[in-house]
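Student: Sharing a structure below in structure tokens format, with a few things to ask.
Where a number appears in this text, it was derived from the coordinates with a stated rule and is not lab data. Small disclaimer: the values here were computed from a predicted structure and weren't measured. All Cβ positions, even for glycine, are placed from backbone atoms using ideal geometry, and neighbour counts span all protein chains on display.
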Amino acid sequence: MPQPILKHTAMRNGGVTLIELLVVVGILILIFAAVVEFQVEIFQSGGTASESLTRNQDARSILRIMVRELRSAKTSSNGAYPIAEAATSSVTFYSDADGDGLQERIRYFIASSTLMKGTLHPAGNPLSYNPAQETFSILANNITATSTDLFEYFGQVTGTSTALVQPVNVADIRLIRMHVVVGHAYTSAVTLRNLKSDL
């Protein structure tokens, strides 16, 4: 009996062609790339949020320290007035920041875009403040310039009045408002406890 001639049909015996395999591999690569990109974006946004939170905490911590030291400003260890200088980008005053019973000369100022603190301990007999012995520490980098001065000075403790005009007479200062911009703007005001004559 003669063998029937088999016609080529679309039927297969369960195998996968090379084209189908390449299509599946291509789809898997696209899915993998999308997942990797999504994870990278999550890590980047998480890092940005973490960095922003750290900056916020740092700025608040810096302002708390500045407020505490300014609030306790008092006559220097050699009898000088509690506030030595009051400018828009710096303030110099006397305060016992380290609790040793002597008033350090403290200076907050901007150098380029860096918020700095200068500390000068009194020494000698009689006590004096030698500018050559001032030590410096960095409080914050990347301070952004704004239309508002870093320091504003007021003659009333409410701070609702108009800021004193530069150059400020330091004897008129009763309240200092600070504006720090590190990513976001932070503002704090402090009443100089030992200078409250209008209460």
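Student: Quickly rank 93-101, 174-182 as a protection proxy: mean count of other C-beta atoms within 10 Å, highest first. Could the numbers behind the result be given before it?
Tutor: Numbers: 93-101: 15.6, 174-182: 20.6.
The most tightly packed comes first, giving 174-182, 93-101.
Student: Then there's this: Using θ = phi - 60° and the Karplus relation 6.51 cos²θ - 1.76 cosθ + 1.60, list the HN-Hα couplings for the range 109-125 in order, rounded to whole Hz, with x at every Gly or Pro.
Tutor: Taking θ as phi minus 60°, the curve returns 7, 9, 10, 6, 10, 10, 7, 10, 10, x, 10, 10, 8, x, 8, x, 9 Hz for the range 109-125.
Student: In vacuum, with every alpha carbon of the range 51-133 counted as one equal point scatterer, what does the Debye formula give for log10 I(q)/I(0) at q = 0.21 Å⁻¹? Two decimals, please.
Tutor: Once normalised to I(0) and log-transformed, intensities are -0.99.
Student: So what are the radius of gyration and Dmax for the Cα set of the range 53-195, in Å?
Tutor: Just the Cα atoms of the range 53-195 yield Rg and Dmax of 14.8, 47 Å.
Student: Related question: What is the magnitude of the charge dipole of the range 53-195 about its Cα centre, with +1 placed on the Cβ of each Lys and Arg, -1 on the Cβ of each Asp and Glu, and no other charges, expressed in debye to the nearest 20?
Tutor: Taking the Cα centre of the range 53-195 as origin, the dipole is about 320 debye.
Student: Let me ask something else. Could you order peptides 66-76, 133-143 by the average number of other Cβ atoms within 10 Å of their residues, highest first? Before the final figure, lay out each step's value.
Tutor: On the way: 66-76: 18.3, 133-143: 13.5.
The most tightly packed comes first, giving 66-76, 133-143.
Student: Using amide H atoms built in the peptide plane, which far-off residues or other-chain residues are under 5 Å from G155 H to H?
Tutor: L164, R174
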